[in-house]
1. Report, by residue number, each residue of segment 51-68 that is more than 15 Å from the chain's Cα centre (by Cα), farther than 16 Å from Tyr17 by Cβ and modelled with pLDDT under 90.
2. Just one of (1) farther than 16 Å from Ile4 by Cβ; (2) surrounded by 15 or more Cβ atoms within 10 Å (Cβ to Cβ) trips up Pro45, so point out which.
3. If you check Ser9, Ser36, Ser5, which single one turns out to be surrounded by 10 or more Cβ atoms within 10 Å (Cβ to Cβ), of a type in the set (Ser, Thr, Tyr), out of contact with any strand residue (DSSP E or B) (no Cβ under 6 Å at 6 or more places or on another chain) and within 30 Å of Asp96 (Cβ to Cβ)?
4. Answer yes or no as to whether Asp60 is loosely packed, with under 14 Cβ neighbours inside 10 Å, over 30 Å from Met102 (Cα atoms) and among the charged types (D, E, K, R).
5. Within segment 1-10, can you find the residues that are within 18 Å of Thr62 (Cα to Cα), part of a loop (DSSP other than H, G, I, E, B) and out of contact with any helix residue (DSSP H, G or I) (no Cβ under 7 Å at 6 or more places or on another chain)?
6. Would you mention how many residues in segment 11-47 are assigned to a helix (DSSP H, G or I) and over 19 Å from Ile65 (Cα atoms)?
7. Could you go through segment 78-93 and let me know if any residue there is surrounded by 10 or more Cβ atoms within 10 Å (Cβ to Cβ), within 27 Å of Pro18 (Cα to Cα), at pLDDT below 95 and not basic (Lys, Arg).
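The values are calculated or read from the model by the stated rules, or taken from the named source; none is laboratory data. Keep in mind the model is a prediction, meaning the values are calculated, not measured. So basically every Cβ, Gly included, is an ideal-geometry build from the backbone, and we count neighbours across all protein chains shown.
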Amino acid sequence: AGGISVFSSKGRLHQWYPNQKTPATAWEARIDELMSLQLRTLDYPTRRKYFDEVQKIMSDETPYIYLVTANAYVGLKERWKNIKIPPLGSLVWNLDELWTPMFTP
């Protein structure tokens, strides 16, 4: 379950109240439960259902709001193929799929 240290109330990366002994709120307890349930199944639709609920709780409770995001500027030669720039702008998210034609001297 990606992000368990961020979303779990006991997680050291928990961003609004880290390292809690017990969840401070009922909704944090529910997130803990959902994150734990994700660890117990490999079934993608089930895991997706659990994490969708985590995202819904986070949206409803809004424990934090990101006010800024970093700009990323990248230079790229035309020879590179299969470039797909996602909304967040990272060119290396699909690094294993990038290629360039073979050049002969």
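1. Just the residues of segment 51-68 that are more than 15 Å from the chain's Cα centre (by Cα), to begin with: 57, 60-65, 67-68.
From what's left, farther than 16 Å from Tyr17 by Cβ: 60, 67-68.
Across segment 51-68, the qualifying residues are Leu67, Val68.
2. Among (1) farther than 16 Å from Ile4 by Cβ; (2) surrounded by 15 or more Cβ atoms within 10 Å (Cβ to Cβ), Pro45 violates only (2).
3. Being surrounded by 10 or more Cβ atoms within 10 Å (Cβ to Cβ), of a type in the set (Ser, Thr, Tyr), out of contact with any strand residue (DSSP E or B) (no Cβ under 6 Å at 6 or more places or on another chain) and within 30 Å of Asp96 (Cβ to Cβ) holds for just one of Ser9, Ser36, Ser5, which is Ser5.
4. When the stated conditions are applied, Asp60 passes them.
5. Gly3
6. 15
7. No - not one qualifying residue is present in segment 78-93.
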